[in-house]
Amino acid sequence: MASTAGNSGWFRGIVKAVPSGDSLVIVGGSEAEIPPEKTITLSSLIAPKLARRGSIDEPFAWESREFLRKLCIGKVLSSN
């Protein structure tokens, strides 16, 4: 179902992960043993940052990530 679309620059795949409230990881279908992945950052959107080791999350960082995750995870997506 998910695949890269030739040399056109378009990428079609399924949303695999949501690392933050403003980015998605898409995995494409391929005959290769390890399918290609592409990280998409949503333009004109700045989400609160999740904490790294030894620090704390910005306010509403977890909530923004979970909202986007519930909305997009497992859906088919095309990008350019």
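The values are calculated or read from the model by the stated rules, or taken from the named source; none is laboratory data. These figures come from a predicted structure and were not determined experimentally. Backbone-built Cβ (ideal geometry, glycine too); neighbour counts: all protein chains shown. Ligands, DNA and RNA are excluded from the accessible area calculation, which covers all protein heavy atoms including side chains. Shrake-Rupley method; radii C 1.70, N 1.55, O 1.52, S 1.80 Å.
Output the residues belonging to region 20-31 that are open to solvent by 50 Å² or more (accessible area, probe 1.4 Å) and free of Cβ contacts under 8 Å to residues at least 24 places away in the same chain.
Selection gives 31 alone.
Can you pull out every residue in region 10-37 that is more than 16 Å from residue 69 (Cα to Cα) and in contact with a strand residue (DSSP E or B) (Cβ under 8 Å, 6 or more places away or on another chain)? Don't jump to the end; show me each part of the working.
From region 10-37, those more than 16 Å from residue 69 (Cα to Cα) are 10-12, 28-37; that's our starting set.
Once the filter is applied, which keeps residues that are more than 16 Å from residue 69 (Cα to Cα) and in contact with a strand residue (DSSP E or B) (Cβ under 8 Å, 6 or more places away or on another chain), region 10-37 yields 10, 11, 12, 28, 29, 30, 35, 36, 37.
Among residues of region 55-80 that are on the phi > 0 side of the Ramachandran plot, those with a beta-carbon under 7 Å from a residue that is part of a loop (DSSP other than H, G, I, E, B) and open to solvent by less than 50 Å² (accessible area, probe 1.4 Å) at least six positions away or on a different chain give the pairs 60/48.
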